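Before any comments, here is the structure.
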């Protein structure tokens, strides 16, 4: 178990900057998820921790010991790869035993025992003696986990290991990995592009974009207070609703005008807008924070909308709507409440708005 | 299920005899089978029959083939020249092919692991492949000239480093070694290409996983690279062995079996018996012994490879 510190990590490939001056402090025993779109630098960061990439600048330390220049063999880590990287010419058991054989100094009996234990906790003892090529995707996944766990490393790294699995298996394995991580109290860094996976697994999320860490915090924080417009758009399903509005002031009233919709904010809600430096702002609201009204509420905030598509997801429905001028708005409402073709208003509380200073990805949160 | 029943019902309905359905495919492949029989299996069987006959068609009093039982084979096993050629083959085939495959493997792995620039790698691969495109006779002539005792480039270079040079083509083992060098120069590219392809198809992540798992470079080679290349190495061995068994052209040019008959290989000796002495029966017996020998080698080899590992 170790605390992982990444200081000013920069990795350049020629003129391409994969990670740009990243600093992270990952607590001992935490499950931290690096999440972001492809090419955001999350995998490069993980591989730098593993020692598979040499940082251009910056350092990495485990428990205060600088390990930047150590090869992977001397780092006391284990890793599950995106393609699992199991050795196809060996059985599952030989794969799991491999790290112990590499480390030397274990007797055959000790290896046997450790492999058996790892196989049991990852639930793969039934097929551990089969050849890798005879195993299903989910079974291979479990063998890869067992191989990573067998040596009880200080730091456990996962590089999108679930991306090829079907949804059900994915959910099941996520839960099992979280449980194992807690049981062993190991420090785990997990990389994924799937924001839902990040939200469900992580103690902490590190949201990355274009080589930068955009936000570091627990899932609730990231969801309810996204630091930039990028985070707001990336985290959360269905995606957040966004209206790009011009800002003007009418006395103490901030007038946000999207061309079609006009929101007038007053008092405390409007206060943060005084800090705006841009003239056009992104005004966002989560689909979960919208509710339906047949008629326009007199003293409330609302968006006129027509229901186009209703997607059933169980106890809730995701309804895809458009405003009269064609702007898309998504809402999550109780199942069966709305049907296609209905017209009405989507009502929200201005306290739930996310306001960003600008309309590009880097626009920072105002409120 | 329903479709098979339907087709059966149809068949009953229109009353097609089932036997004809079995005959049609035979009729379709028939011409090809006849051709194959005429050009390969037929002559093979004929040569088998000849190997039990005495037939010297060029002698002054021409004789039809006359059956002489295992006479040809009996002669063969008491003929010192044949045994010499067989021993030569053990040296040439055993050592030569092993060197070629191991050298090719080593070069392939070195190219893949240590030559970083892709363009340089491709260039070197091509360079190693070029000799394979040269006619064996030409390659033989080149090496004959290079190995000339006086004035040959090889001895010239040896001379520069203070060696008085070697009498390359004037002794049995040096002569065979010269053949080996020439053949290796020409064919090392084949195992090289095969093994390079095999190595390139092992995903990098497998080595990264091994590093993370703490494996040293030697362990990575021993436990990951080698087992996954094993089948390809076996294939390279077999391909080169096949060529070694029929090795003829460069031998014909470089040593012509000499000095004397000392560097003869079985196929070359067969050629002498068949087309110089025109003892066709004996030559046929020789080809069958060589053929059986090659099959035996391959079988032993596959067996060895299969017990070694399980790819």
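The values are calculated or read from the model by the stated rules, or taken from the named source; none is laboratory data. Model, not experiment: these values are computed from the prediction. Please note: Cβ atoms are built from the backbone with ideal geometry, for glycine as well, and neighbour counts cover all protein chains shown.
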Residue check, residue B:75 at pLDDT below 90 and surrounded by 14 or more Cβ atoms within 10 Å (Cβ to Cβ): no
Some residue of region B:280-295 being under 18 Å from residue B:101 (Cβ atoms) and surrounded by fewer than 19 Cβ atoms within 10 Å (Cβ to Cβ): yes
Residue match in region B:159-168 (condition: without any contact (Cβ under 8 Å) to a residue 40 or more places away in the chain and buried (at least 19 other Cβ atoms within 10 Å of the Cβ)): yes
Candidate set: region A:95-110, residues that are surrounded by fewer than 19 Cβ atoms within 10 Å (Cβ to Cβ) and assigned to a helix (DSSP H, G or I); chosen: the one farthest from the other protein chains (Cβ to nearest Cβ): A:109
Residue A:270 closer than 23 Å to residue A:363 by Cα and crowded, with 19+ Cβ neighbours inside 10 Å: yes
Number of the exception - residue A:85 against (1) in a loop (DSSP other than H, G, I, E, B); (2) more than 14 Å from chain B (Cβ to nearest Cβ); (3) without any contact (Cβ under 8 Å) to a residue 60 or more places away in the chain; (4) crowded, with 18+ Cβ neighbours inside 10 Å: (2)
Test: residue in region A:302-317 that is touching a helix residue (DSSP H, G or I) at 6+ places or on another chain (Cβ under 7 Å) and within 25 Å of residue A:238 (Cβ to Cβ): no
Number of the condition not met by residue A:219 [criteria: (1) over 28 Å from residue A:194 (Cβ atoms); (2) surrounded by fewer than 20 Cβ atoms within 10 Å (Cβ to Cβ)]: (1)
Flag for residue A:114 being in contact with a helix residue (DSSP H, G or I) (Cβ under 7 Å, 6 or more places away or on another chain), in the same structural domain as residue A:192 (by the TED database) and over 30 Å from residue A:25 (Cβ atoms): yes
Total residues in region B:185-206, condition in a helix (DSSP H, G or I) and either surrounded by fewer than 19 Cβ atoms within 10 Å (Cβ to Cβ) or not assigned by the TED database to the domain that holds residue B:91 (or both): 7
Residues satisfying the stated conditions in region A:310-334, i.e. more than 18 Å from residue A:260 (Cα to Cα) and surrounded by 12 or more Cβ atoms within 10 Å (Cβ to Cβ): A:310, A:311, A:316, A:317, A:318, A:319, A:320, A:331, A:332, A:333
Some residue of region B:261-270 being assigned to a helix (DSSP H, G or I) and within 11 Å of chain A (Cβ to nearest Cβ): no
Which numbered condition residue A:47 misses (of (1) part of a strand (DSSP E or B); (2) within 14 Å of another protein chain (Cβ to nearest Cβ)): (1)
Identity of the residue in region B:209-232, touching a helix residue (DSSP H, G or I) at 6+ places or on another chain (Cβ under 6 Å) and more than 7 Å from chain A (Cβ to nearest Cβ), that ends up surrounded by the most Cβ atoms within 10 Å (Cβ to Cβ): B:210
Near pairs, Cβ below 6 angstrom, 6+ apart or cross-chain, from region B:292-311 (within 14 Å of another protein chain (Cβ to nearest Cβ)) to any residue that is at pLDDT 70 or above: B:305/B:234; B:309/B:227; B:309/B:230; B:311/A:89; B:311/B:230; B:311/B:231
Criterion: assigned by the TED database to the domain that holds residue A:186, touching a residue at least 40 places away in the same chain (Cβ under 8 Å) and under 25 Å from the mean Cα position of the chain (by Cα) - qualifying residue of A:143, A:150, A:121: A:143
Residue check for residue A:202: touching a residue at least 40 places away in the same chain (Cβ under 8 Å), in the same structural domain as residue A:103 (by the TED database) and over 25 Å from residue A:11 (Cβ atoms): no
